[in-house]
1. How much FRET efficiency would the formula 1/(1 + (r/R0)^6) give for Ile186 and Leu321, where r is the Cβ-Cβ distance and R0 is 60 Å, rounded to 0.05?
2. If you work out semi-axes √(5λ) of the Cα gyration tensor in Å from the coordinates, which of [x] 53, 26, 18; [y] 90, 28, 17; [z] 43, 26, 21 do you get?
3. Please report, largest first and rounded to whole Å, the three semi-axes of the ellipsoid equivalent to the stretch 3-205, where each semi-axis is the square root of five times an eigenvalue of the C-alpha gyration tensor.
4. Among 226-235, 181-190, how do they line up by average Cβ neighbours within 10 Å per residue, starting with the highest?
5. Using only the alpha-carbon atoms, how far is helix 156-209 inclined from the longest principal axis of the chain? Give it as 0 to 90 degrees, nearest 10.
6. From the cross-link list Lys248/Lys282; Lys352/Lys437; Lys248/Lys278, which pairs have alpha carbons spaced over 18 Å apart?
7. What's the magnitude of the charge dipole for the chain around its Cα centre, counting Lys and Arg as +1 and Asp and Glu as -1 at the beta-carbon? Answer in Debye, nearest 20.
8. Distance from the Cα centre of the stretch 313-328 to that of the stretch 347-412, in angstrom?
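Read-outs throughout are calculated quantities, based only on the coordinates presented, and are distinct from any laboratory measurement. Treat the numbers as computed from the prediction; the structure is a model and nothing was measured. Glycine gets a Cβ as well: all are built from the backbone with ideal geometry, and neighbour counts include every protein chain shown.
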Amino acid sequence: MNIKTFLALLDNAEFLLVLVVIYEIGSIFLSRYRKTKVLLQGILIGMIGIIIMSVPYEFSSGLVFDTRSILIGSTAIIFSTTTLMISTLMMFVYRIYMGGIGTIPGLLVITLTALIGFLWKKFIYHKVQKYKWLSIYSYGVLIHIVMLICMFALPYEFAINTLKEISFPVLIIYPIVTLLLTGLLIYQRERDFTSQKIKEAEERYRRLFDNKHTVMFIVDPDTTVIVDANQAATDQYGYSREEFIDMKLSSLNTLNESEIKRAVQEAKDMNRNSFTFKHRKKDGSIIDVEVVSGPISFEGKIFLYSIVIDITTRVKALQALENSEARFKLVVDHAPDAIFILTNFRFSFLNKAAMDLFKATTQEDILYTWGLDFFNQESKASVKQRIETLHDNDIKILESNESIVTLNNEILDVKLTLVPIVFEGIQAALVFVREIK
């Protein structure tokens with residue numbers, strides 16, 4: 001071996017690495033063509049192979065050495081089988097075109113390197129995790145030992161002289177360059193994969209965020225400023241997206257600044273994630289909203305992701321229900337007849353007249369106790385059967401004469417009127433009682 005051979009092979013290896021860096025730049029444009037990306041990768045790698053084969057180290061007339069084995073070996077590990085086959089075929093055809101005494105060894109190197117790379121990837125590469133880089137270096141040594149063996153396709157004496165000259169630099173330079181090139185391509189693939197996942201995640205977020213059905217805001221918790229709002233928010237509040245951006249929450253929320261900051265901090269610290277506020281729309285009208293908010297991380301900064309639900313109709317319905325219940329309680333409490341509610345045969349409500357009828361001092365004396373215990377033995381079965389059938393069919397009201405037992409064991413004859421109702425979401429009996437004297 002002479003220093004000239006060593007430097008010539010090293011120069012060709014360096015040239016290959018430069019071309020691969022250029023390929024990395026070109027691969028950015030390949031990402032636009034997903035359907036034909038594999039085909040285009042094969043063509044691009046094949047062209048790089050042809051370029052390095054065009055500027056080889058010429059050992060003798062017709063016998064040249066270059067770094068195609070490194071390129072094919074790395075391609076076999078990193079890229080798809082289709083890409084490998086296309087690029088290998090291009091280099092195979094070009095080597096035939098070059099001709100010369102080294103044609104047969106050259107074609108053998110191309111073919112065997114591709115085959116070994118395919119088998120190594122299938123049976124070894126993906127199974128080795130802990131010492132992957134050592135595995136790649138060993139792979140580089142193997143394919144270039146095979147490359148040197150291929151020299152025996154030359155006349156014997158010529159093969160021996162060739163091996164004496166190139167074996168040492170090939171086994172020193174080529175496995176290291178194989179490791180470097182494969183590492184560079186692995187880094188590029190992982191970077192592209194991560195970039196693609198980030199892009200897909202951003203697209204999913206944007207599709208989720210930019211909907212017309214659920215109001216969403218992204219808020220800077222440090223300044224309480226809105227940094228993004230979706231289409232549903234502009235529809236609900238009347239502001240444009242541009243007007244929302246950089247708007248403070250105090251422009252929407254009727255709470256004062258300190259109360260808003262306290263709520264925002266609770267959401268940021270995950271101490272609380274659900275809030276009920278009153279919000280002011282652009283036209284000045286006030287709506288009741290429920291806000292579900294939690295922290296998200298974006299570009300190293302914490303923001304609040306808030307979903308806003310208009311509950312104005314629900315709040316008004318609850319207020320109407322509360323007013324109705326209050327009126328009902330006011331009327332019932334002052335009714336002259338005893339009135340109580342039985343839910344699952346237990347007292348759920350009694351008015352003052354009912355307490356007096358049963359001789360109770362406080363509601364706690366009777367509330368939630370078993371209602372049938374306050375009827376005499378003859379009336380228990382009758383009342384139980386009537387309550388059980390109260391919600392059947394179209395029964396509006398049931399009346400009967402029964403006997404009740406007070407807390408001081410006094411027996412009273414009463415007229416009982418049962419009305420089916422729903423109390424606190426449960427089927428119940430509204431009972432009117434009038435003593436028969």
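1. Details: r = 65 Å, r/R0 = 1.09.
Plugging the Cβ-Cβ distance into 1/(1 + (r/R0)^6) gives 0.40.
2. Matching the structure shown: [y].
3. Details: eigenvalues 196, 63, 43 Å².
Listed largest to smallest, the semi-axes of the stretch 3-205 are 31, 18, 15 Å.
4. Numbers: 226-235: 18.9, 181-190: 16.4.
The packing order, highest mean first, is 226-235, 181-190.
5. 20
6. Details: Lys248/Lys282 14 Å; Lys352/Lys437 20 Å; Lys248/Lys278 15 Å.
Among Lys248/Lys282; Lys352/Lys437; Lys248/Lys278, the Cα-Cα distance tops 18 Å for Lys352/Lys437.
7. On the way: 46 positive and 47 negative charges, 361 e Å.
So the magnitude is around 1740 debye.
8. 28
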